[in-house]
Amino acid sequence: MSTDDFESEFQPATSSEPAADPVLEADNLSVSYGKVQALRGLNVTVPEGEIVSLIGPNGAGKTTFANTASGFLPYEGNVRYRDQEIATVGQTELVEQGMIHCTEERDLFGYMDVEDNLELGGYLRDDDIIEERKEFVYDLFPRLDERREQNARSMSGGEQQMLAIGRALMGDPDLLILDEPTLGLAPVILKDIAEALEPILDQGVTILLTEQNVTFALNHADRIYLLENGEAVREGTAEEMQGDDYIRESYLGG
Ligand code: ATP
């Protein structure tokens, strides 16, 4: 083999190539609500062990992508979770396999306390891992530990968001979908949520994060897709996106 052959076969991976096998992959994905087309031929790859963030303004299609990935919406094109086409797998089956979606609405049981909300998040898991999962969540968010018997509806927005993430973690996720977890939260709570990401990844979880808070996404995700009107207008590593003039000028105030 000549030196040229060697070089062409063994090119180092560029920083924008995914580092590992995708957990979730969308090819040419389109989704419409009647006449409103929310996603237009989107290609997204979520490699194992990474945080991939979809960013973009209101109505860009971030939640539509999250909902399509977890089997809530019909679509054209392909979306595969661990090589299975989402449309062929039932929603319960996706949860059983570890795709756990923490929705933008949080969907807590307001009149139930923290402990019961958490236990419901583990309803598909064996009893023997429930206690261990609960301890992980209480270690991650001590504010929940202090409020085990408090009703969810009486908690602050930030505490409710922690509970929603905690409940999702009770489902022992393989892929955790966090839809706008920072929406409306104070900086001190953003810090708590940011600090939880690393221990979650350390458990072998892959994270799909949708965010309007571009700074949060750039600081904490590995890979970013900027959506506008259902299309990815920019994509790359967080480092690449931090240096992108369009993102800086349009989303970070220059
Ligand atoms: P936000 O950050 O405000 O949540 P988003 O990026 O998550 O926005 P989507 O909620 O996915 O955007 O909305 C994408 C487009 O699809 C918008 O034009 C929205 O009006 C439309 N849309 C979303 N849900 C529905 C629905 N249930 N029925 C009709 N149109 C919808």
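The values are calculated or read from the model by the stated rules, or taken from the named source; none is laboratory data. Since the model is a prediction, treat every value here as computed from it, not as a measurement. Cβ sites come from the backbone with ideal geometry, for glycine too, and all protein chains shown count toward neighbours. When the accessible area is computed, the model is the full protein with side chains, heavy atoms only, and any ligands, DNA or RNA have been set aside. Shrake-Rupley method; radii C 1.70, N 1.55, O 1.52, S 1.80 Å.
For Glu131 and Gln212, FRET efficiency with R0 = 35 Å and r from the beta-carbon atoms, rounded to 0.05?
The value I calculate is 0.45.
Using the heavy atoms of the protein chains alone and a 1.4 angstrom probe, what is the accessible area of the chain per residue in square angstrom?
48
Between rounded, prolate and oblate, where does the range 104-172 land on the alpha carbon gyration tensor, with a ≥ b ≥ c its root eigenvalues, rounded for a/c under 1.5, else prolate if a/b exceeds b/c?
prolate
Which lysines, on any chain, are close to Lys191 with Cα under 26 Å apart, when same-chain ones fewer than 8 places away are left out?
Answer for Lys191, where 26 Å is the Cα cut-off: Lys62, Lys134, listed by chain and number.
Suppose a student asked you for the relative contact order of the range 104-172, using Cα pairs under 8 Å spaced at least 6 residues apart; what percent would you report?
53
Cα centroids of the range 146-200 and the range 83-127: how far apart, whole angstrom?
If we compute the Cα centre of each part, the gap is 14 Å.
In square angstrom, rounded to the nearest 10, how much accessible surface does Leu73 have for a 1.4 Å probe?
40
Within the chain, what's the longest stretch lacking chymotrypsin sites (Phe, Trp or Tyr not before Pro) that sit in DSSP loops with no more than 12 other Cβ atoms inside 10 Å?
Between exposed loop sites, the widest span is 124-254.
If you filter the range 32-84 for GluC sites (Glu not before Pro), then keep DSSP loop positions with at most 14 other Cβ within 10 Å, what is left?
The qualifying sites: there are none.
For Leu169, what is the net charge nearby, where nearby means another residue's Cβ is under 13 Å from its Cβ and Lys, Arg count +1, Asp, Glu -1?
-3
Would you kindly state how much longer the chain becomes between Glu93 and Glu228 on full extension, computed as 0.36 nm times their sequence separation minus their alpha carbon distance, in nm to one decimal?
Roughly 45.5 nm would be gained on extension.
Residues with beta-carbon under 13 Å from that of Asp179, excluding Asp179: net charge, scoring Lys, Arg +1 and Asp, Glu -1?
Taking every other residue near Asp179 into account, the sum is -3.
To the nearest 10 Å², what's Val36's accessible area with a 1.4 Å probe?
Accessible surface of Val36 is approximately 90 Å².
How much net charge surrounds Glu115 when only other residues with a Cβ under 13 Å from its Cβ are counted (Lys, Arg +1; Asp, Glu -1)?
After counting each charged neighbour, the total is -3.
Provide, as a two-decimal number, the C-alpha radius of gyration of the chain over 2.2 N^0.38 Å, N being how many residues it has.
Here the answer is 1.05, to two decimals.
Of the heavy-atom accessible surface of the range 104-172 (probe 1.4 angstrom), what whole percent is carbon and sulfur?
Using a 1.4 Å probe with all protein chains present, the range 104-172 comes out at 42 percent carbon and sulfur.
What does the range 165-243 give for Rg and for Dmax, in Å, if only its C-alpha atoms count?
12.9, 37
Sequence-distant or interchain residues sharing an amide H contact under 5 Å with Leu54, placed H: which?
Hits under the 5 Å cutoff: Leu209, Thr210, Glu211, Tyr225.
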